[in-house]
Amino acid sequence: MSWVQRRRTETYYRRAKREGYRSRAVYKLSQIDEKFSLIRDGMDVLDLGASPGGWSQYISGINTSGTNVAVDISPMNGIKGVTFIAGDIFDEGTLRKVEEVCPSGYDLLLSDILMHTSGNKSVDQANAFFIGKRVLEVCGRVLKHGGTALVKTLQGDLTEELLNDYRKNFSRVRVTKPPSSTPHSPEIYILAENFSGVQQSP
């Protein structure tokens, strides 16, 4: 990481500490939300890869009368107004718990999940691709018709294939990168709107 990147990261880290957020990642979500108006009060929201809870903190501050559910393998300290489910999104039991909390489905699904990078670009991009595919499957299980998904992934050779998979199931799909994300990082977010239901690839 360059000196400029480190300085940028430290600036958001210090800001998060000062403003009482659990991680600097909150600014990625807040900047995307400011641009696209994703979160509204009264929604049913699912936050995947939530720990340590920065995104859920932000969501619960806006969505005070809706349902907020956070999921992660790692433990997360409680947040008022947020139901936490400890589990893996690749585990059927975890998804059943997610469905039980909100049987009617979710209006908005957020995924900030990425595996720890290995330093091998191809491996990291492949891992991000398979997580993105799994998140799409989760959408098929729990996202309401017309719902929205915001999914973190890594830009690479498999990105267009992943985007095409989302385009089969959402009427509008685009890529966004918030200002707080390190400029030279391959990290991007897929914003998929108006869910119509998962279509199986031939």
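Residue by residue, region 143-160 carries 3J(HN,Hα) couplings of 8, 5, 4, x, x, 10, 10, 10, 10, 6, 8, 10, 5, x, 5, 9, 4, 5 Hz when phi is fed to the Karplus relation 6.51 cos²θ - 1.76 cosθ + 1.60 (θ = phi - 60°); x denotes Gly or Pro.
Its alpha carbons considered, the chain gives a radius of gyration followed by a Dmax of 16.1, 51 Å. With coordinates expressed along the principal axes, the C-alpha atoms belonging to region 109-181 extend over 38, 26, 19 Å, beginning with the largest. The alpha-carbon of LYS121 sits under 28 angstrom from the alpha-carbons of these lysines, leaving out residues fewer than 8 places away in its chain: LYS28, LYS133, LYS152, LYS168, LYS177.
What's the exposure ranking of ARG24, ARG167, going from fewest to most Cβ atoms within 10 Å? By the 10 Å Cβ count, ascending: ARG167, ARG24.
No value in this document is a laboratory result; all are computed from the given coordinates. In this text the structure is predicted, and so the values were computed from the model without any measurement. Backbone-built Cβ (ideal geometry, glycine too); neighbour counts: all protein chains shown.
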